[in-house]
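Here the structure comes first, spelled out in structure tokens, and everything after it is commentary.
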Amino acid sequence: MNGNLEYYKVFYHVARLGSITLAADQLCISQPAVSQTIRQLEQSLDSRLFLRTPKGVRLTREGEVFYDYVKAGLENIWNGETVLKRMRDLDTGEVRIGASDMTLQFYLLPYLEQFHELYPGIKVTVSNGPTPETLGFLYQGKIDFGVVSTPFEARDQVVSTDVKEIRNVFVAGEKFRHLEGKVLEYEILKELPCIFLEKPTSTRIFMDDYLASHNVVVEPEFELSTSDMIVQFAMRNLGVGCVMSEFAQAELEKGNLIELKFREEMPRRHFSLVTDKKLPMSTAGNRLLKLMMNDIS
């Protein structure tokens, strides 16, 4: 293969236009330079590519076969350049994000709506999963960035920025109304049916570790995959559920749930943006991340 891409560009234009003169005008170079380039290409390929005619030049049979490949190759390159420019200008492209149901619903969604209004041509892909799975996607380069909840352990190359404080609460339905207003100890959870998120979500890890620090180990009756389902189970009096406060807020305000009060409140947690400083991020991903970071005081 000839290492000079310019040879193929000259060949392409001469073949397409059927004229050395027109090709020279198109490329803004001299006719002798075009002729010399064609001769050098033919020598390097050891093949005759053009035949001269009274009206210009035409491809030989070998030239016709070669032209099909050169045309496809060059046009793919030029199309690629066009797509890259459009991606740079945010006319097209893709953002890949990792997020849980909780972080998507209570933090990320408004930013996605705003971003889509600004850049409607950008495709947004959200890989849904708990914090450990989102970090795995980040390590593998499957996402531009993730939105996770603390606490979590990550590799050294991960950059984490807290973006929103969250609070966990214990809620229950009408059957447990007798506990409303009382100041409780966490020991009581050993005596109550409990509804927790399944392991190994960051919420479950945080709650188990916190209760263990109070010498309380609870084996829940129900382990569920989403906080929405915990709220539904609690409303049906199946037990005491632990969720982020915003999941239960509407039902607490309606009186369908009560919040249990404990002598010591669990520490606040955070939603965090996580990126991998060793991996490149798409132009669109950078723009969305910048949009989100602008709101951090």
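The values are calculated or read from the model by the stated rules, or taken from the named source; none is laboratory data. Only a predicted model underlies this, so the values are computations on that prediction, with no experimental measurement involved. Here the Cβ is made from the backbone with ideal geometry for all residues, glycine too, and neighbour counts use every protein chain on show. Note: accessible area is taken over every heavy atom of the protein model, side chains too, but ligands, DNA and RNA are not part of it. Shrake-Rupley method; radii C 1.70, N 1.55, O 1.52, S 1.80 Å.
Stokes-Einstein diffusion for segment 68-210, with the hydrodynamic radius set to the Kirkwood value over Cα pairs and evaluated at 25 °C in a medium of 0.890 mPa s, equals 129 µm²/s. If you take the Cα centroid of segment 195-245 and the Cα centroid of segment 1-71, the two points sit 72 Å apart. Compared with the dominant principal axis of the Cα atoms in the chain, helix 245-254 is inclined by about 50°. Extension gain for the segment LEU84 to ASN294, taken as residue separation times 0.36 nm less the Cα-Cα distance, is 73.0 nm to one decimal. A Förster distance of 45 Å, applied to the separation of the beta-carbon atoms of GLN249 and VAL217, puts the FRET efficiency at 0.95. Go ahead and set up a Gaussian network model of the chain, Cα springs under 10 Å, then flag whichever of SER213, SER245, SER272 fluctuates most. It is SER213. The angle between the Cα long axis of helix 61-88 and the longest principal axis of the Cα atoms of the chain comes to about 40 degrees, rounded to the nearest 10. Over every Cα atom in segment 184-297, the radius of gyration and the widest Cα-Cα span, Dmax, amount to 17.7, 53 Å. Counting only protein chain heavy atoms and rolling a 1.4 Å probe, the accessible areas of THR201, THR283, THR125 rank, largest first, as THR283, THR125, THR201.
Out of every Cα-Cα pair in segment 1-125, what percent are more than 17 Å apart? Value for segment 1-125 (Cα pairs over 17 Å): 66 percent.
Kirkwood radius, segment 252-297, all distinct C-alpha pairs, inverse of mean reciprocal distance: 14.9 Å.
Of all DSSP beta bridges confined to the chain, the antiparallel ones make up roughly 60%.
The relative contact order of the chain, computed from alpha carbon pairs under 8 Å that lie at least 6 residues apart in sequence, is 20 percent.
The calculated pair-distance distribution of the chain uses every alpha carbon pair, bins of 5 angstrom beginning at 0, and gives 1, 5, 10, 11, 11, 8, 7, 6, 6, 5, 5, 4, 4, 3, 4, 3, 3, 2, 1, 0, 0 percent. Normalised radius of gyration (Cα atoms, divided by 2.2 N^0.38 Å) for segment 89-142: 1.19.
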